[in-house]
Amino acid sequence: MNISKHEIDNLNAEITISLNPSDYESRVNEGIKKVQRQASMPGFRPGKVPTGLIKKQYGTQIMVDEINKLLNDTVYKYIEEQQIEILGNPLPKDQTGVDFANQKDFEFVYQLGLAPKFDVTLDSNTTFTYKTVKVDEALVEKYVNDVRRNYGKPVNPDVSGEKDILFVDINELDETGAIKPGGIYKSTSVGYDRVKNEAAKNRLLGLKREDKVVFNINDLYETALDKSVALGIEKEAAETTNCNLQLTVRNISHMEEAELNQELFDRIYGPGAVNSEEEFRNKIRTELGAMFVADSERFLMREVENKLLEKTGINLPDAFLKRWLKAVNEKPLTTEEIEKDYDNYAKAMQWRLIENKIIKENGIQVGAEEATEEAKAFIKSEYARYGQLPTDEDLEKISKDLLGKEKESQKIFENLYSKKVLQLIKERCSLEMKEVSYDEFFKNN
């Protein structure tokens with residue numbers, strides 16, 4: 001066997017493997033014996049079919065299988081021994097010209113996509129912006145109002161207002177203003193804040209039960225999709241429908257906000273934990289500050305990725321990677337589909353290369369205990385979404401099951417490595433702290 005490597009450029013190479021019968025004959029013979037032990041043909045006892053018949057019927061396919069196994073073992077062993085850093089997997093060049101039935105000597109070529117060479121410098125000369133949300137009085141007040149609404153109680157006022165929901169019967173009218181037989185009919189709800197047309201919104205105010213009011217359908221519903229969903233008509237019909245609708249008010253609903261009193265404080269935080277409106281607002285202020293920390297970290301991570309990608313200027317073997325994606329994807333992909341998504345894929349791969357280099361050069365490690373704690377934290381957050389708290393026994397069992405699943409375990413370890421990389425960057429580089437309003441923070445975040 002002869003194996004050699006030819007570098008096409010800094011990002012592409014080929015490995016050529018030459019085989020002669022001495023390289024593969026023993027493997028093929030062993031393969032034939034294995035098939036012979038399992039073969040069953042008319043006129044022969046199981047396992048006693050002559051070798052000649054096995055070779056005649058299965059010999060070529062056995063040789064193909066064994067040579068492919070040998071090639072796979074050889075190419076990966078060579079890459080490991082030569083310490084070649086590759087992206088994706090080796091791709092065999094076209095083998096349609098190979099005649100396995102008659103050839104004895106073979107030459108196979110594998111294409112490689114090489115990992116690019118680059119440096120990552122993390123020092124105080126590199127600055128990243130660390131955005132935080134300014135928890136001002138307006139934001140606290142907004143959150144207080146949200147809490148009061150969430151813990152409020154529904155009431156049915158006699159007259160409709162801006163914060164009310166109207167439960168109505170809707171009937172389509174004909175050209176004369178009479179209810180159209182077989183026309184649109186729907187019992188539904190209409191809210192002041194859901195209507196876009198200002199004139200129509202104002203006409204929803206001051207209504208009582210059994211009041212009737214007429215609107216053009218386009219004043220109530222802005223798009224064909226809105227009409228279709230609200231009135232239960234086909235979207236195609238909704239696109240051309242232009243009629244008047246009569247709304248008959250059947251009920252009015254209003255969420256009365258909870259009072260800022262001890263009863264509310266105890267319901268939210270437990271008896272005696274908060275004892276005044278001032279303490280309540282300070283508690284909310286603290287919670288808001290903590291709540292936005294995760295958002296600040298996500299923003300910083302995105303900025304770190306973008307700046308380091310730009311700074312390092314990593315090039316990839318794009319043509320090779322596109323061929324590789326097409327070859328390995330379980331679902332057949334067209335060239336157009338690969339081109340459409342390739343930029344996002346390339347960016348993700350470039351960041352993985354940078355992150356892995358930081359991990360390797362700085363000896364970052366994640367231990368089993370850290371992974372277990374991360375898994376438990378994830379489980380607690382999932383329980384919390386449903387207002388529940390897992391027992392210690394549940395945490396132990398579910399975290400063990402989670403880490404026992406390859407994909408889930410990989411996600412947990414990758415998340416921990418990413419956290420440690422970000423922490424290292426925060427320690428090594430300069431952070432420009434920038435406090436912005438809630439609206440500005442989430443505008444582009």
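Details
- Taking (1) under 21 Å from LEU308 (Cβ atoms); (2) out of contact with any Ser or Thr (no Cβ under 9 Å at 6 or more places or on another chain); (3) buried (at least 17 other Cβ atoms within 10 Å of the Cβ) in turn, PRO390 satisfies each apart from (1).
- No other residue among PHE128, PHE118, PHE100 is of a type in the set (Phe, Trp, Tyr), in a loop (DSSP other than H, G, I, E, B), under 33 Å from the mean Cα position of the chain (by Cα) and farther than 25 Å from ILE252 by Cα apart from PHE118.
- Per-region count, region 419-445, residues at pLDDT below 95 and among the β-branched types (Val, Ile, Thr): 1
- Sub-9 Å Cβ pairs linking a first residue in region 209-237 that is in contact (Cβ under 8 Å) with a residue 60 or more places away in the chain and closer than 14 Å to VAL190 by Cβ to a second residue that is loosely packed, with under 15 Cβ neighbours inside 10 Å and among the aromatic types (Phe, Trp, Tyr), at least 6 apart or interchain, are LEU231/TYR185, ordered by first then second residue.
- Count of region 24-79 residues which are in contact (Cβ under 8 Å) with a residue 40 or more places away in the chain and aromatic (Phe, Trp, Tyr): 2
- Subset of region 393-405 that is of a type outside the set (A, V, I, L, M, F, W, C) and within 26 Å of ILE359 (Cβ to Cβ) - its residue that is surrounded by the most Cβ atoms within 10 Å (Cβ to Cβ): SER399
- Among the criteria (1) within 30 Å of ILE3 (Cβ to Cβ); (2) without any contact (Cβ under 8 Å) to a residue 12 or more places away in the chain, the one GLU137 does not fulfil is (1).
- From GLU382, GLU427, GLU414, GLU432, residue being within 18 Å of the chain's Cα centre (by Cα), loosely packed, with under 13 Cβ neighbours inside 10 Å and within 25 Å of SER296 (Cα to Cα): GLU382
- Residues (on the phi < 0 side of the Ramachandran plot and in a loop (DSSP other than H, G, I, E, B)) located in region 28-62: ALA39, SER40, MET41, PRO42, PHE44, ARG45, PRO46, LYS48, VAL49, PRO50
- Any chance LEU260 is touching a residue at least 60 places away in the same chain (Cβ under 8 Å), surrounded by 11 or more Cβ atoms within 10 Å (Cβ to Cβ), under 30 Å from LEU431 (Cβ atoms) and touching a helix residue (DSSP H, G or I) at 6+ places or on another chain (Cβ under 8 Å): no
- Meeting the requirement of 3 or more residues that are touching a residue at least 40 places away in the same chain (Cβ under 8 Å), hydrophobic (A, V, I, L, M, F, W, C) and under 30 Å from ALA138 (Cα atoms), the helices (runs of 4 or more DSSP H) wholly within region 280-375 are 293-312.
- Here the condition is being in contact with a helix residue (DSSP H, G or I) (Cβ under 6 Å, 6 or more places away or on another chain) and surrounded by fewer than 16 Cβ atoms within 10 Å (Cβ to Cβ); of GLU408, GLU355, it holds for GLU408 alone.
- Residues within region 334-352 that are among the hydroxyl-bearing types (Ser, Thr, Tyr) and surrounded by 14 or more Cβ atoms within 10 Å (Cβ to Cβ), tallied: 2
- Residue list for region 227-257, filter: charged (D, E, K, R), within 21 Å of ASN197 (Cβ to Cβ) and surrounded by fewer than 17 Cβ atoms within 10 Å (Cβ to Cβ): LYS235, GLU239
- If you filter region 308-333 down to residues that are more than 22 Å from the chain's Cα centre (by Cα) and among the charged types (D, E, K, R), you find that the one that is surrounded by the most Cβ atoms within 10 Å (Cβ to Cβ) is ARG323.
- Any hit, region 151-171, residues being among the small types (Gly, Ala, Ser), assigned to a loop (DSSP other than H, G, I, E, B) and closer than 30 Å to ALA294 by Cα: yes
- Restricting attention to region 314-349, the residues that are in contact with a strand residue (DSSP E or B) (Cβ under 8 Å, 6 or more places away or on another chain) and β-branched (Val, Ile, Thr) add up to 1.
- Residue count, region 336-393 (criterion: at positive phi and in contact with an Asp or Glu (Cβ under 9 Å, 6 or more places away or on another chain)): 0
- Matching option when the condition is at positive phi, part of a loop (DSSP other than H, G, I, E, B) and either touching a Gly at 6+ places or on another chain (Cβ under 6 Å) or modelled with pLDDT of 90 or more (or both), among GLU210, GLU259: GLU210
The values are calculated or read from the model by the stated rules, or taken from the named source; none is laboratory data. From a predicted model like this one, the values you see are computed outputs, not experimental measurements. Cβ coordinates were reconstructed from backbone atoms using ideal geometry, including for glycine residues, and neighbour counts include every protein chain displayed.
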